[in-house]
1. Could you check how many residues of the stretch 34-52 are surrounded by fewer than 20 Cβ atoms within 10 Å (Cβ to Cβ), under 16 Å from the mean Cα position of the chain (by Cα) and part of a helix (DSSP H, G or I)?
2. Would you mind telling me which numbered condition in (1) surrounded by fewer than 16 Cβ atoms within 10 Å (Cβ to Cβ); (2) under 12 Å from residue 106 (Cβ atoms); (3) out of contact with any helix residue (DSSP H, G or I) (no Cβ under 7 Å at 6 or more places or on another chain) residue 145 fails?
3. For a quick check of your reading of the model, give me the residue pairs whose first member lies in the stretch 52-76 and is touching a residue at least 60 places away in the same chain (Cβ under 8 Å) and at positive phi, whose second is surrounded by fewer than 21 Cβ atoms within 10 Å (Cβ to Cβ) and assigned to a loop (DSSP other than H, G, I, E, B), with beta-carbon atoms closer than 6 Å and at least 6 apart or on different chains.
4. Out of (1) touching a strand residue (DSSP E or B) at 6+ places or on another chain (Cβ under 6 Å); (2) surrounded by 18 or more Cβ atoms within 10 Å (Cβ to Cβ), the odd one out for residue 175 is which?
5. Condition (residue is more than 28 Å from residue 77 (Cα to Cα), surrounded by 16 or more Cβ atoms within 10 Å (Cβ to Cβ) and out of contact with any strand residue (DSSP E or B) (no Cβ under 8 Å at 6 or more places or on another chain)) applied to the stretch 110-121: is it met by at least one residue?
6. Of the residues in the stretch 57-87, how many are closer than 17 Å to residue 123 by Cα, surrounded by 14 or more Cβ atoms within 10 Å (Cβ to Cβ) and modelled with pLDDT under 95?
7. Take the residues of the stretch 141-166 that are in contact with a strand residue (DSSP E or B) (Cβ under 9 Å, 6 or more places away or on another chain) and not in a helix (DSSP H, G or I): which is farthest from residue 124 (Cα to Cα)?
8. If you go through the stretch 6-21 one residue at a time, do you hit one that is more than 15 Å from the chain's Cα centre (by Cα), without any contact (Cβ under 8 Å) to a residue 40 or more places away in the chain and part of a helix (DSSP H, G or I)?
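The values are calculated or read from the model by the stated rules, or taken from the named source; none is laboratory data. Worth saying up front: this structure is predicted, and the values here are computed from it rather than measured. Here Cβ is always computed from backbone atoms with ideal geometry, including for glycine, and neighbour counts include all displayed protein chains.
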């Protein structure tokens, strides 16, 4: 598995606990529990965390799990960041949080920027899913590494060519075992992963 946790974007972090309501925290923890049980999120044998999720907070921002928090069974606002502004071309993110946002934050930025139907995103790791050539996924180029501005720009290009309703998610070819799914909320995004799992059995 390719290493995560190394932030590759310029970050302006305002060191403050983000204001996030209990309902949102509950939603995040409910889906994270399911992902941890499936081992689609967690910590690998070298102690590096993998997998993350986010929720659109308003038209201009979103909440995302902080970097290297996959080992926590439950999250509190201290382990969540609020991304308030970004510029993919300039490799820049502004966020509010005690911890840095996920190293995959630019990827989430690209999806929220390109797909207005996306209000929640789940990034998982599952090797068998990743190895499948599936008509239900779009694919980024092999050379695009995780957490980079170039990967985010590739995702924007994908959405300019493929309508979000025609696929279930994105396979990041340059990010070993990494896939991303989205929906109107975290539950819908999670159900897309479950549907892909069922469809994959037939491929």
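1. Of the residues in the stretch 34-52, 2 are surrounded by fewer than 20 Cβ atoms within 10 Å (Cβ to Cβ), under 16 Å from the mean Cα position of the chain (by Cα) and part of a helix (DSSP H, G or I).
2. (3)
3. 68/5
4. Tallying (1) touching a strand residue (DSSP E or B) at 6+ places or on another chain (Cβ under 6 Å); (2) surrounded by 18 or more Cβ atoms within 10 Å (Cβ to Cβ), residue 175 fails exactly one: (1).
5. Taking the stretch 110-121 first, the residues more than 28 Å from residue 77 (Cα to Cα) are none.
No, the stretch 110-121 contains no residue that is more than 28 Å from residue 77 (Cα to Cα), surrounded by 16 or more Cβ atoms within 10 Å (Cβ to Cβ) and out of contact with any strand residue (DSSP E or B) (no Cβ under 8 Å at 6 or more places or on another chain).
6. Total meeting the criteria: 5.
7. So, considering only residues that are in contact with a strand residue (DSSP E or B) (Cβ under 9 Å, 6 or more places away or on another chain) and not in a helix (DSSP H, G or I), the one farthest from residue 124 (Cα to Cα) is 162.
8. no
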